[in-house]
Amino acid sequence: MAGLPLLLRALRAIHPRLPCPHRPLPSRASCCPVRFLRTSAAFCAGHNKWSKVKHIKGPKDEARARMFMKFGMMIRIAVKEGGSNPDLNVNLAHILEQCRSKNMPKASIEAAVKSAEKAKPASLHMFEARGPGGCVLLVEVLTDNNTRTGQEIKRLLNKNGGVLSEGSRHNFSRSGVVVLPGHDINSEKALELAIESGAADVQETEDEEEKPLLKFICDVPDLHKVRVSLEKLGMPVTSSGLEFVPHNYSSLDEEQLEAASALIEALNDCPDVVRVWDNIKTDS
């Protein structure tokens with residue numbers, strides 16, 4: 001982190017709108033708003049190591065099948081909220097793009113959309129929890145039986161060192177996220193791309209095959225603008241969509257990390273669970 005101030009000073013010479021920490025900020029009334037760019041803890045402090053641990057364990061075919069099942073649930077939610085036409089439903093369009101980026105067969109995608117239109121009524125819920133080491137979890141579920149699913153989530157938490165924790169959701173913001181391949185892009189270039197595209201933050205992580213990824217974080221209304229800007233800068237966008245992004249990260253040691261991994265894996269095995277969001281990073 002020692003070189004970050006020098007890096008930001010160099011970038012301010014190119015982008016004079018960035019504030020300088022050695023000068024007082026101008027008042028809102030005196031000029032156009034100043035946009036802050038921050039390098040997240042996830043980018044600098046080992047969050048990519050956690051991505052290796054938390055990805056689904058087991059045979060690849062089994063992992064792919066479960067991933068496609070979860071995509072089917074996400075499609076069902078999107079269709080329920082905004083209809084089955086991706087031209088009119090932006091969230092559905094983003095999810096279908098993610099399906100294609102993970103090589104989900106076209107026939108499976110089309111079948112998921114059609115079945116979503118005919119699916120029996122179900123409700124979307126978010127369980128707030130804490131796990132090993134005090135990490136914060138959001139467990140998104142889609143269910144036609146709230147009592148059954150609630151009892152199962154509580155059982156899985158109790159069995160694996162977790163507990164329901166009201167208010168955990170306040171540690172997250174629903175944000176727009178644009179994903180790029182991270183190879184051949186260093187931290188200086190990533191920051192420069194974030195500034196030029198209008199993103200508020202950039203995070204480094206890895207996919208399930210341990211390939212580097214960059215996530216550009218922005219406000220939900222700015223998602224399309226940031227994506228288009230990155231594409232105009234020649235960046236190959238892998239996907240974009242909405243995610244729950246943590247404000248603060250929990251630092252876990254190896255033992256806590258293994259326990260958290262087991263908990264999240266158990267939650268993901270529950271057929272009603274769509275996604276589990278966490279705020280975990282590892283000690284560097």
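Each value in this text was obtained by applying a stated rule to the coordinates, not by laboratory testing. All values derive from a computational prediction rather than experimental measurement. Using ideal geometry, Cβ is built from the backbone for each residue, glycine included, and neighbour counts are taken over all protein chains shown.
What to note about this one:
- Placing R0 at 22 angstrom, the Cβ-Cβ distance between residue 231 and residue 208 gives a FRET efficiency of 0.35 after rounding to 0.05.
- P(r) of region 190-235 over all Cα-Cα pairs, binned every 10 Å from zero, in whole percent: 29, 51, 20, 0
- A convex hull fitted around the alpha carbon atoms of region 60-118 yields 67 Å³ per residue.
- Among the GluC sites (Glu not before Pro) within region 162-243, those in coil by DSSP and having at most 15 neighbouring Cβ atoms inside 10 Å are 166, 208, 209, 210.
- Region 120-259 shape via C-alpha gyration tensor axes, a/c threshold 1.5: prolate
- Distance between modelled label sites at residue 242 and residue 187, nm, 7 Å Cα→Cβ extension: 3.2
- Here region 219-257 and region 137-197 have alpha carbon centers that stand 11 Å from each other.
- Label separation (residue 166 vs residue 145): 2.6 nm, computed from points 7 Å beyond Cα along the C-beta direction.
- Gyration tensor (alpha-carbon) shape descriptor, region 133-202, a/c threshold 1.5: prolate
- Cα gyration tensor shape of region 92-158, rounded if a/c is under 1.5, else prolate or oblate by comparing a/b with b/c: oblate
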